[in-house]
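The values are calculated or read from the model by the stated rules, or taken from the named source; none is laboratory data. Predicted model, so just to flag it, every value in this text is computed and none were measured. Here the Cβ is made from the backbone with ideal geometry for all residues, glycine too, and neighbour counts use every protein chain on show. Just so you know, the surface numbers come from the protein's heavy atoms only, side chains and all, with ligands and any DNA or RNA stripped out. Shrake-Rupley method; radii C 1.70, N 1.55, O 1.52, S 1.80 Å.
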Amino acid sequence: DFLGVSNLMDAQARGRNPDGQSRVMIGDVEVAAAQGDVEATGAVKLVIRPERARIEEQGAAGANRIPAMVDRTVYVGSTMQVIARLPGGQMVQVLIPNRGGAEAYPQGTPISLFLPPDDLRVLRGDGDTSEEERAEPAARL
């Protein structure tokens with residue numbers, strides 16, 4: 001059983017890398033995903049939970065980093081929900097601790113998103129989705 005919110009992103013799988021992880025393109029950026037159907041090729045969905053994605057400074061170097069822009073920040077008690085827009089227009093939700101003080105990520109702030117390979121799950125994008133998966137994009141924001 002699964003309870004909670006996840007980001008569901010459109011992507012293109014390109015086979016495995018030397019580490020056995022799936023090579024996946026989100027727009028023009030290649031990331032590695034270690035969970036799910038890592039054998040898939042072609043259109044897939046990538047899933048990551050909001051608390052697993054990390055916000056880093058714009059231009060951060062290294063694998064699995066994607067440039068993004070803060071669309072909005074929502075305060076949710078002890079956490080902040082940061083909604084970031086990827087270059088292709090897809091939205092990713094990130095949960096970070098609310099440390100009080102000034103808004104950490106105002107709208108329009110350029111950032112890098114780090115999506116750890118062990119936290120990225122590949123789902124086949126063959127259209128065979130459950131009712132819950134079809135409803136997921138609306139539920140995630």
Legend entry - Residue pairs meeting the criteria (Cβ under 7 Å; at least 6 apart or on separate chains; first part of a loop (DSSP other than H, G, I, E, B), in segment 83-100; second open to solvent by less than 20 Å² (accessible area, probe 1.4 Å) and at pLDDT 95 or above): LEU86/ILE26; LEU86/ILE66; LEU86/ALA68; LEU86/VAL92; GLN90/MET9
Legend entry - Residue selected from segment 17-47 under the condition among the charged types (D, E, K, R) and in a strand (DSSP E or B), by the criterion nearest to the chain's Cα centre (by Cα): LYS45
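Residue by residue, here is whether (1) closer than 16 Å to ARG124 by Cα; (2) modelled with pLDDT of 95 or more holds:
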residue: ASP10; (1), (2): yes, yes
residue: ILE55; (1), (2): no, yes
residue: ARG65; (1), (2): no, yes
residue: GLY77; (1), (2): no, no
Inset, instruction - Mind listing whichever residues of segment 55-89 are exposed (fewer than 15 other Cβ atoms within 10 Å of the Cβ) and under 17 Å from ASN17 (Cα atoms)? - result: GLY62, ALA63
Inset, instruction - Scan segment 66-78 and report the pairs whose first residue is of a type in the set (Ser, Thr, Tyr) and whose second residue is in a strand (DSSP E or B), with Cβ atoms within less than 9 Å and a gap of 6+ or a chain change. - result: THR73/MET80; THR73/GLN81; THR73/VAL82; THR73/ILE83; TYR75/GLN81; SER78/PRO97
Legend entry - Hits in segment 102-117 (condition: open to solvent by 10 Å² or more (accessible area, probe 1.4 Å) and not in a loop (DSSP other than H, G, I, E, B)): PRO110, PHE114, PRO117
Legend entry - Residue tally, condition within 30 Å of ASN98 (Cα to Cα) and either basic (Lys, Arg) or open to solvent by less than 30 Å² (accessible area, probe 1.4 Å) (or both), over segment 16-54: 13
